[in-house]
Amino acid sequence: MRPLRSLSLPAIWNMSFGFLGIQFGFGLQLANMSAIYAKLGADASKIPLLWLAGPMTGLIVQPIIGAMSDRTWTKLGRRRPYFLVGAILASVALFFMPDAPALWAAAAMLWVLDTSINVSMEPFRAFVADKLPDEQRTLGFVMQSFFIGIGAAVANALPTLFGHFGVHGNAANGVPLAVQYAFKLGAAAFLLAVLYTVITTPEFPPEDMAEFLRKKREHKRYKLQPNYVGGGALLGLLFGVSRGVLVDGALGLWQPLGGAVIGAIIGAVLSGPEVSAALREMPVTMKRLAVVQFFTWLGLFCMWMMFSLATAQQVFGTTDPQSPAFDQGTLFGGQTFAWYSIVCFLVAFLLAPLAAKIGRRQVHGLALVLGGASLLATGFIHDRTLWQCTMIGVGVAWASILAMPYAMLSSALPAARMGVYMGIFNFFIVLPEILASLTLEPVVRQVFHNDPVKVVMLGGASMLVAAVALVWVPADQPKAGT
C-alpha cells in the first residue's frame, strides 16, 4: 500500500466541508423534533419511542454503506458517490419535514431523513482515514468537529433569526413558521455543502486496480444466514414481550411483532460476510472504546430528547405545549443548543495540539467529565444566563466526542476495511439510543413523573460513567495490518 502524503490545511478544509451541511440536518431535527412532536399531539413519555428512527437507521444503514464503499470505485471515487446520493435524499426529506400534517407523518419523514443522512455521513469518517496519514488524522477529525459545530450553531439559531426578521405565527399543523423556514433553508445548505466537498476533493484510485477488481469479483455474495435472522427475531420477540408486560402493563400483538421484526432486520445486517467477519476480528481498542461510546451517546441522547422540553419547564415554568411560554421555552432551548455548538467550533482546533501533548485518551476523558457535570447542573438552574452556560462544558465534550474516539480508532484499523469498521463502530452509538427509545418511557413516566430535567441529568451521569470507562482503553494501539 502506498504511503499517504500529508495534505495542506485548505485540502483538509475542503474534504471536511460537507459535514457543515450534514449537521444542518442533524442540528435542526435535534433542536426541534421533540417540540414538533409535542405540537402534533405527542405525550412527553412517548417522545423517546418516536426518536427511534435515528438509531435504527444508523444501525442498519451504516455498516452496509461502509462495506459497500470499501468495494466501490467509480468516476466519482469510492466514498463520494454515497456523499452525493445521501445528500440529495436528505435534502428532500428535510425540506418537507416541518409540513407534516400529523404525528405519524412526521415520524415517517424522520425515518426517511435519518436513513439518507446516514448514507451520506458514514463514508465521511472513512474518508479521513483514506486520505490522511496517522499523524494528521486527529486534525482531520477535529476539522469535522469544527464544521459540525458551525453547522449546528447556525441550524439551532435559524428559527430565532427568522423571528428577528419578522417571521411569526404558526403553520396549519401548529409548527412555528420560523421553524418551517429554517428546515427549508437547511435543506439547501445540506446539499450545497456536500456538493462542495464532492467537487473539490479527489480520491485516490486503488494502487493496483486489477487486484482491486479481482478481489471485488471474488467477494462473497450476501447470503442470508437463518441462524442470525432467527436469533435476532427471537431476542427481539422476548424484548417486545418484556416491554409489553413490564413497561406498557398490557401485552398486545405489536410489542412482540415489532421486536421480532427489528431483531430479524439486525440479524439480516449481521449476515453480511464483511460485517460478521469484522465483528469476529474486532481490535482490542475498538472493543474497549465501544463501552465508552455506549455511555457517551446514551447521555447525549437523553439530552437531545428532552433538553428543549426541560428548558420550557426549568426556565419558563411550563410544560403545556399550547401555551406561549412553551413556544418561547423551546425556541430558547434551540438558542441554548447553539451555544454548545459555538463552543464546539471555538475549541475544536485546540484539541489536536493538546492531544499531541498529553494524549488523545486524556483529552477525551477531561472533556467527558466537563460535559457530564454540566448536564447534571441543569437540575439546579433556573436563570437563563446560567442555563446557557451549561453548554460550555457540553460544547467541549461534543468537540472531543466527534474527533478523539475516531482518531484513536482509525490508528487501530486495517485500511482496506476502514469503511465497514467505521460503520460497525456506529453500533455503539445507536444501540444505547435504541435502548433509550424503547425503555426510557416508563422511567420518564413512573420514576421521573414526566419531568424532562431529570432525563437530562441522567444523561450527565451516563457521560461521567463513559469517562471512567475510558481508563481501560489502550493509550496507543499499533496500526493493524492491511
MET463, sole failed condition from (1) under 17 Å from VAL394 (Cα atoms); (2) open to solvent by 10 Å² or more (accessible area, probe 1.4 Å): (2)
Report yes if VAL347 is at pLDDT 85 or above, buried (at least 19 other Cβ atoms within 10 Å of the Cβ) and in the same structural domain as LEU376 (by the TED database), otherwise no. yes
Pair list, Cβ under 6 Å, 6 or more apart: the stretch 276-300 residue over 27 Å from PRO226 (Cα atoms), other residue open to solvent by 60 Å² or more (accessible area, probe 1.4 Å) and modelled with pLDDT of 90 or more: ARG288/TRP472; PHE295/VAL465
Check on ALA38, closer than 30 Å to GLN446 by Cβ, in a helix (DSSP H, G or I) and not acidic (Asp, Glu): yes
Of all residues being open to solvent by less than 20 Å² (accessible area, probe 1.4 Å) and of a type in the set (A, V, I, L, M) in the stretch 353-371, which is modelled with the lowest pLDDT? Just the residue, please. ALA355
All but one of (1) closer than 25 Å to GLY54 by Cα; (2) not in a helix (DSSP H, G or I); (3) not acidic (Asp, Glu) hold for MET305; state the number of the condition that does not hold. (2)
Could you look through the stretch 41-79, keep only residues that are of a type in the set (Lys, Arg) and surrounded by fewer than 24 Cβ atoms within 10 Å (Cβ to Cβ), and pick out the one that is modelled with the lowest pLDDT? LYS46
Among the candidates VAL447, VAL420, VAL456, single out the residue that is among the β-branched types (Val, Ile, Thr), at pLDDT below 90 and under 30 Å from ARG243 (Cα atoms). VAL447
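Quick check: is even one residue across the stretch 314-331 open to solvent by less than 10 Å² (accessible area, probe 1.4 Å), part of a helix (DSSP H, G or I) and of a type in the set (A, V, I, L, M)?
Looking for residues that are open to solvent by less than 10 Å² (accessible area, probe 1.4 Å), part of a helix (DSSP H, G or I) and of a type in the set (A, V, I, L, M), one finds none in the stretch 314-331, hence no.
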Filter pass, THR296 being open to solvent by 20 Å² or more (accessible area, probe 1.4 Å), among the hydroxyl-bearing types (Ser, Thr, Tyr) and not assigned by the TED database to the domain that holds GLY27: no
Given the options ALA407, ALA415, name the one that is at pLDDT below 90, under 15 Å from PHE141 (Cα atoms) and not assigned by the TED database to the domain that holds MET143. ALA407
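The values are calculated or read from the model by the stated rules, or taken from the named source; none is laboratory data. No experiment lies behind these values; they were computed from the predicted model shown. As a convention, Cβ positions derive from the backbone with ideal geometry for all residues, glycine included, and neighbour counts pool all protein chains shown. Ligands, DNA and RNA are excluded from the accessible area calculation, which covers all protein heavy atoms including side chains. Shrake-Rupley method; radii C 1.70, N 1.55, O 1.52, S 1.80 Å.
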